[in-house]
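Trainee: Would you mind keeping the following structure in view while I ask a few things?
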């Protein structure tokens, strides 16, 4: 007897248009989802219910990222990147009426969280922003004093160029112009990251409309006039536009996907020579399935996943590039996929504390916990340690899967 196909653990319903962005945050306590109408929904994973709903953008959401505990960054098709403050005490005053239940005449009157920052950026490229710490050696003192961030986004005039902004100043601190050597077309995917210590470098990895990928290294201080970007590597693993890319946590490799059926892995260690090199992928796999986007590597680096235009979510081994699972439930195309952070045993206590962002007296709270509170706490602890994978797509539904 053949095994039955895997099924999602939960299905979250509430959006009325395609889901294009997903982000776990609050130490896996919450899942944020964004749709093509600009709605943002915050789901509490222990109850699988919304705790906050608001219209974040006038255009569709392309990206959601957490910035140190209390802040969420959203990128919309309205050419805006917005930073929202979201604390525990904010939830009671925010609406929980889901987009598919909200009358059109009430959409503009719903309460929003405090908008901390708003940047005008380019959203014509279908390319979402990338975020990283400006100084990886500097750790945030608390969730209310976040570390400065660098944010990469396509340039508004140069379709192959990339702007680098700094938060919280909102200043554009650098620009990488399109490559004059050949016409790459629009930039389609970007990733900012620091290589691991002790010789940390800031890298900008980019994928383009013609299938090229490039790696640039930053030299100098952003506040100096002589800072520059040095091209270290160029390759063309794809015959169609690059749709997504991500870097392993070790920064040893990055992986790309495309409108073609190829998934390719490049070694980053080979590009730290200071020379411009034309590089072939370390491993390239023809998956036979065109149109895989939203590629994301899990926080432990062991696996990565893609969202397929055919409605399938595919999970691969980062080491061997072997397809490990095909998750089939969505009837139409999938556009977004993300993993919950893998919480190690020695991180569980700190993660539980971090989940209560905005709490001022956790000790006093613990002394007042009832038996029911303890049951709720155990449920939340289990949710935070689950290896979730979330997927969303054209059908406006979000599936939650437990994987590996």
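The values are calculated or read from the model by the stated rules, or taken from the named source; none is laboratory data. The structure presented is a predicted model; accordingly, all values stated were derived computationally and were not measured. Virtual Cβ from ideal backbone geometry, glycine too; neighbours counted across all protein chains shown.
Trainee: Quick check: is even one residue across the stretch 284-298 at pLDDT 95 or above, within 18 Å of residue 196 (Cβ to Cβ), touching a strand residue (DSSP E or B) at 6+ places or on another chain (Cβ under 9 Å) and outside the structural domain of residue 190 (by TED's automatic domain parsing)? If you could, list the steps in order and put the result at the bottom.
Mentor: Start the filter on the stretch 284-298 by keeping residues that are at pLDDT 95 or above, which leaves 284-298.
Applying the additional criterion that residues be within 18 Å of residue 196 (Cβ to Cβ) yields 297-298.
Remaining after also requiring touching a strand residue (DSSP E or B) at 6+ places or on another chain (Cβ under 9 Å): 297-298.
Retained after the next criterion (residues that are outside the structural domain of residue 190 (by TED's automatic domain parsing)): 297-298.
Within the stretch 284-298, one or more residues are at pLDDT 95 or above, within 18 Å of residue 196 (Cβ to Cβ), touching a strand residue (DSSP E or B) at 6+ places or on another chain (Cβ under 9 Å) and outside the structural domain of residue 190 (by TED's automatic domain parsing).
Trainee: Sort out for me the strands (runs of 3 or more DSSP E) sitting completely within the stretch 203-282 that have 3 or more residues that are more than 19 Å from the chain's Cα centre (by Cα).
Mentor: Those strands (runs of 3 or more DSSP E) span 213-219, 228-235, 262-267.
Trainee: Condition test on residue 33, is it in contact (Cβ under 8 Å) with a residue 60 or more places away in the chain, in contact with a strand residue (DSSP E or B) (Cβ under 6 Å, 6 or more places away or on another chain) and farther than 25 Å from residue 136 by Cα?
Mentor: yes
Trainee: Residue check: is residue 191 surrounded by 13 or more Cβ atoms within 10 Å (Cβ to Cβ), in contact with a strand residue (DSSP E or B) (Cβ under 9 Å, 6 or more places away or on another chain), in contact (Cβ under 8 Å) with a residue 40 or more places away in the chain and more than 22 Å from residue 75 (Cα to Cα)? Walk me through how you get there before you give the answer.
Mentor: Values: surrounded by 13 or more Cβ atoms within 10 Å (Cβ to Cβ): yes; in contact with a strand residue (DSSP E or B) (Cβ under 9 Å, 6 or more places away or on another chain): yes; in contact (Cβ under 8 Å) with a residue 40 or more places away in the chain: yes; more than 22 Å from residue 75 (Cα to Cα): no.
The answer is no for residue 191.
Trainee: Consider the stretch 99-125. How many of its residues are modelled with pLDDT of 95 or more and touching a helix residue (DSSP H, G or I) at 6+ places or on another chain (Cβ under 8 Å)?
Mentor: Adding up the residues that qualify gives 2.
Trainee: Against the definition (surrounded by 15 or more Cβ atoms within 10 Å (Cβ to Cβ) and at pLDDT 90 or above), how does residue 128 come out, yes or no? Before the answer, list the steps.
Mentor: Values: surrounded by 15 or more Cβ atoms within 10 Å (Cβ to Cβ): yes; at pLDDT 90 or above: yes.
The answer is yes for residue 128.
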